[in-house]
Amino acid sequence: MAATLDSTPALDAPRTPRRAPVRRSNFELYSWLFMRLSGLALVVLVLGHLFIMNILDGGVHRINFAFVAGRWASPFWQFWDLSMLWLAMLHGANGLRTVINDYARRDASRFWLKILLYTATVLTIALGSFVIFTFDPNIGN
Amino acid sequence: MTATVEKAPTAGSRGSQPPVPEGATTITVKIRRFNPETDTEPCWESFDVPALPTDRVLNLLHYVKWYLDGTLTFRRSCAHGICGSDAMRINGVNRLACKVLVKDLLAGAGKHTTITVEPIKGLPVHKDLLVDMEPFFEAYRAVKPFLITSGNEPTRERIQSAADRERFDDTTKCILCAACTTSCPVFWSEQRYFGPAAIVNAHRFIFDSRDEGAEERLDILNDVDGVWRCRTTFNCTDACPRGIQVTKAIQEVKRALLFRRV
């Protein structure tokens with residue numbers, strides 16, 4: 001702070017040729033937009049999921065291996081669960097990234113927290129996708 | 001006549017206290033004080049001040065400085081809500097000391113009133129209520145708050161329609177008091193964030209039909225420390241002593257970035 005105290009404002013001299021604006025990355029813009037859109041999608045996906053799993057005929061008591069196997073036999077539910085997994089993980093990870101950016105004070109803690117976050121995200125997405133794609137209903141036989 | 005030098009630490013800068021006006025009540029002004037030469041940590045100090053309901057908080061600070069403790073340090077210039085020098089945290093919210101009336105802060109009937117005054121948050125404190133405004137102005141300069149045009153200077157006035165003027169009318173009111181930026185929780189924890197005031201002043205030029213630097217400014221704000229950092233807490237809108245719809249202005253900049261249209 002002290003270094004900036006006495007510095008003169010960095011203003012261009014009159015009639016300096018203007019540089020074309022540096023095209024910065026749009027990453028923050030897209031991540032902001034993604035949060036809004038994935039949030040909207042997740043409202044439908046997650047509430048639908050909770051309704052089917054916990055309320056609709058019998059609710060949580062009818063869930064067993066056969067029920068899951070039956071659902072995942074249909075590409076529709078596979079797609080539903082896959083998009084829910086990806087959107088929820090990316091949405092949550094992006095939110096936590098924002099929280100880390102806001103609250104981690106030191107660069108080192110920021111770096112390691114993000115490494116931890118990204119590792120956990122990638123592992124969870126990979127494992128979840130793996131299960132959905134390779135699910136074998138005859139696994140017990 | 002011999003001049004006597006008073007060296008008592010608690011003496012005001014204008015000598016003895018004036019007579020208490022009729023109708024005044026004694027209220028306690030609790031000030032967050034810090035003297036870099038003697039203190040390691042800021043601490044609270046309370047003063048009992050006679051106040052009229054029509055007094056402003058600035059009057060109370062003057063009373064403390066002039067008659068109780070001349071070492072109290074704070075900024076003020078015009079004292080009429082125009083210069084933006086005396087932004088401070090009054091009872092926990094950012095306000096201009098010259099625009100807050102005592103009658104609005106009085107406790108209920110029969111109760112003793114205590115008013116707390118702190119320096120605005122998120123900027124380094126130099127002394128008492130005086131903060132280093134340089135990080136704030138650095139962000140302000142970074143958005144290029146001046147008219148950017150190309151080509152030859154016109155020989156006539158740059159004409160603008162009333163409708164075009166209306167688009168950025170709200171953000172022309174900014175007096176750079178820093179009440180908004182230092183009320184922003186994002187700014188408290190991350191001073192690299194441009195802050196509401198810088199975005200308001202970028203908005204003032206981005207949406208000006210006579211200006212040609214909109215792309216440049218939008219690119220500056222399209223950053224991890226730019227508008228995307230705003231969490232729409234609305235603290236800035238509540239804090240603005242000029243009633244600027246600060247959060248709305250920030251959202252308009254976001255929209256301009258999103259659709260690449262000003």
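If you place +1 on the Cβ of every Lys and Arg and -1 on the Cβ of every Asp and Glu, how big does the dipole about the Cα centre of the protein assembly as shown come out, in debye to the nearest 20?
Here the size comes out at about 480 debye.
Of all the Cα-Cα pairs you can form in the protein assembly as shown, what percent are over 27 Å apart?
Above the 27 Å cut-off, the protein assembly as shown has 65 percent of its Cα pairs.
Could you give the distance between the Cα centres of region A:78-128 and region B:109-142, to the whole Å?
That distance is 36 Å.
Would you give the gap between the C-alpha center of region B:28-78 and the C-alpha center of region B:212-247, rounded to a whole Å?
Spelled out, the Cα-based centre of one part sits 32 Å from the other.
In a shell of Cβ-Cβ distance under 11 Å around B:Arg33, excluding B:Arg33 itself, what net charge do Lys and Arg (+1) and Asp and Glu (-1) give? Before the final figure, lay out the partial values.
Details: positive: B:Lys30, B:Arg32, B:Lys127; negative: B:Asp39, B:Glu41, B:Glu45, B:Asp69, B:Glu118, B:Asp128.
That sum, taken over residues with Cβ under 11 Å, equals -3.
For B:Ile27, enumerate residues with amide H under 5 Å from its amide H, sequence gap 5+ or separate chain, H modeled in the peptide plane.
Result for B:Ile27 returns B:Val49, B:Ala51.
In straight Cα distance, which lysines are under 28 Å from B:Lys173, not counting same-chain residues fewer than 8 positions off?
List returned: B:Lys99, B:Lys103, B:Lys121, B:Lys144, B:Lys248, B:Lys254.
With every protein chain left in place, what is the accessible area per residue of the protein assembly as shown in square angstrom, probe 1.4 Å? Please list the in-between numbers first.
On the way: 22900 Å² over 403 residues.
Ligands and nucleic acids excluded, the result is 57 Å² per residue.
Any idea of the total accessible area buried by the A-B contact, 1.4 Å probe, rounded to 100 Å²? Mind showing how you got there, number by number?
Working: alone 11230 and 14090 Å², together 22900 Å².
Buried: approximately 2400 Å² between B and A.
Do the sum for chain B: with -39,500 (n - 2.57) for every DSSP H run of n ≥ 4, divided by all residues, what is the mean residue ellipticity at 222 nm, to the nearest 500 deg cm²/dmol?
Numbers: 8 runs with 65 residues, N = 262.
Mean residue ellipticity, 222 nm, calculated: -6500 deg cm²/dmol.
In whole percent, and with a 1.4 Å probe on the protein chains, what portion of the accessible area of chain B is carbon and sulfur? Each step should come with its number before you reach the end.
Numbers: 6510 of 12910 Å².
Carbon with sulfur: 50 percent of the solvent-accessible area.
Given H placed on each backbone N at 1.01 Å, which residues far from B:Gly70 in sequence or on other chains put an amide H within less than 5 Å of it?
The answer is B:Ala11, B:Gly12, B:Ser13.
Under the rule that a partner needs its Cβ under 4.7 Å from the first Cβ, which Cys of the protein assembly as shown have none?
Taking the Cβ cut-off of 4.7 Å, the unpaired cysteines of the protein assembly as shown are B:Cys43, B:Cys98, B:Cys174, B:Cys177, B:Cys184, B:Cys230, B:Cys240.
Which aspartates and glutamates, if any, have their Cα less than 17 Å from the Cα of B:Lys30, not counting same-chain residues under 8 positions apart?
Cross-link targets: B:Glu41, B:Glu45, B:Asp48, B:Asp55, B:Asp69, B:Asp86, B:Asp104, B:Glu118, B:Asp128.
What list of ³J(HN,Hα) values in whole Hz, one per residue of region B:87-104 in order, does the Karplus curve 6.51 cos²θ - 1.76 cosθ + 1.60 (θ = phi - 60°) give from phi, with Gly and Pro shown as x?
Each residue's phi maps through the Karplus curve to give 5, 7, 8, 10, 6, x, 10, 6, 8, 7, 4, 7, 10, 9, 8, 4, 4, 7 Hz.
Taking only C-alpha pairs under 8 Å that are 6+ residues apart, what is the relative contact order of region A:29-134 in percent?
31
Just add up the charged neighbours of B:His112: K/R +1, D/E -1, any other residue whose Cβ is under 14 Å from the Cβ of B:His112.
Values: positive: B:Lys30, B:Lys111; negative: B:Asp48.
Net charge around B:His112: +1.
On full extension of the chain, what length is gained from B:Thr38 through B:Arg260, given 0.36 nm per residue of separation minus the C-alpha to C-alpha distance? Each step should come with its number before you reach the end.
Working: separation 222, 0.36 × 222 = 79.92 nm, distance 5.31 nm.
In short, 74.6 nm is gained.
Using θ = phi - 60° and the Karplus form 6.51 cos²θ - 1.76 cosθ + 1.60, what ³J(HN,Hα) does each residue of region A:35-46 get, whole Hz, x for Gly and Pro?
Karplus values, whole Hz, x for Gly and Pro: 4, 5, 6, 5, x, 4, 5, 5, 4, 5, 4, 6.
Given contacts defined as C-alpha pairs under 8 Å and at least six residues apart, what's the relative contact order of chain B, whole-number percent?
Values: 452 pairs, mean separation 43.7, N = 262.
17 percent.
The values are calculated or read from the model by the stated rules, or taken from the named source; none is laboratory data. Everything quoted here is computed from the prediction, not taken from an experiment. No Cβ is skipped: glycine too gets one built from the backbone with ideal geometry, and neighbour counts run over all protein chains shown. For the accessible areas, the whole protein counts, side chains as well, though only heavy atoms, and no ligand, DNA or RNA atoms are used. Shrake-Rupley method; radii C 1.70, N 1.55, O 1.52, S 1.80 Å.
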